Amino acid sequence: MTRVAQDNLPAGETLEGISGFLHFAGFRYWTASLLPALVGTTLPFWLRPPGFSFRWLGAIEFLFATVLFHAGFSFLQAWFEKRFTTKWSRSRLLGYSCGCIVLACLLGLLINSDLHLNEYVYENIFIAFGISAIIVGLLYVAPPVSLSRRIGGEIVISEGLGMMPVLGAYLVQAADLTRTVYLASLPLVVATGLWVWIDELISRKDDEKIGRRTLVIDFGPQFSGRYGVLALALLLFATLLIAVFSESINPLALVTLLFGGLAWRIVTISWTKHLCPERMIAIRRNAFVLHFVICSTVAMSSLLTQLA
């Protein structure tokens, strides 16, 4: 995730057809942006903004645009980092990147044309959101900034994947943005950050070899594997409580606390085995599950409001 679709190629040159496309498009990490978009799509059922009426077509268009954006910048990052093969040349990677991003932009323009904003809302707010998403993506993958290779890139990708899809999807449905939407996205930002942090613990040695700077490298493996993971796990549940008590998300989302044992396992294993890549890979799966549980629980709890 910190290097969208940047896993080492299994048998390098063998990636062909759909497997190659999915690899370079960052398929393994699509849920990192799709699930928050789903949360933003369902959140209006809980917050009940004035004049809300669910827009099925807008929801589908935004979710599809989210996947295209994610894939487009994954291809673009592979192009900038020269991760090409015989079958996937640099020109092909660039072509797929431009194609995905352009299609996402066209979908965004289509969504904007059907968007009827509430009174006093900036008339080009969705266009501004789309431009912001493009800028964040370019800052993360493109030189000379290349935040994916610099300290603080973890924060950018956590907010870019954990918050921006929520804001955009909510804007499509509610035609407005409020403080509560930002608060509702905080647990997702931290859940994404924990996933990113574990990923960086696993790739720390490889990152150092290629000159990548991350907070995990800067703080050192022991501090990052122990106190960094512990702090993120505590912050995750703290932001969940903040979102609930501010009435930004349905209190039913507190069912996530039942998965505290999973977070505890992430903390305890990372505390003692942060130098063991094999054990940390299993912990990364746990971080993925925790991210999935939080996103799906918040989304489902919003939908259950309809049954009340």
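Structure notes:
- Residues of region 278-306 classified as more than 23 Å from the chain's Cα centre (by Cα) and closer than 23 Å to Phe223 by Cα, total: 2
- Helices (runs of 4 or more DSSP H) fully within region 41-147 counting 3 or more residues that are more than 30 Å from Asp207 (Cβ to Cβ) and touching a Phe, Trp or Tyr at 6+ places or on another chain (Cβ under 7 Å): 90-113
- Members of region 24-51 that are closer than 20 Å to Trp195 by Cβ and among the polar types (S, T, N, Q): Thr31, Ser33
- Flag if Leu241 is surrounded by fewer than 24 Cβ atoms within 10 Å (Cβ to Cβ), modelled with pLDDT of 95 or more and out of contact with any helix residue (DSSP H, G or I) (no Cβ under 7 Å at 6 or more places or on another chain): yes
- Matching option when the condition is within 21 Å of Pro36 (Cβ to Cβ), among the hydroxyl-bearing types (Ser, Thr, Tyr) and not in a helix (DSSP H, G or I), among Ser301, Ser248: Ser248
- Residue match in region 72-91 (condition: of a type in the set (D, E, K, R) and within 19 Å of Thr214 (Cβ to Cβ)): yes
- The number of residues in region 147-198 that are free of Cβ contacts under 8 Å to residues at least 24 places away in the same chain and buried (at least 23 other Cβ atoms within 10 Å of the Cβ) comes to 0.
- Filter result (in contact with a helix residue (DSSP H, G or I) (Cβ under 8 Å, 6 or more places away or on another chain) and part of a loop (DSSP other than H, G, I, E, B)) within region 206-230: Gly211, Arg212, Arg213, Thr214
- Residue check for Arg83: surrounded by 15 or more Cβ atoms within 10 Å (Cβ to Cβ), at pLDDT below 90 and touching an Asp or Glu at 6+ places or on another chain (Cβ under 9 Å): no
The values are calculated or read from the model by the stated rules, or taken from the named source; none is laboratory data. Bear in mind the structure is a predicted one, so any value in this text is a computation, not a measurement. Neighbour counts run over all protein chains shown; Cβ positions are idealised from the backbone, glycine included.
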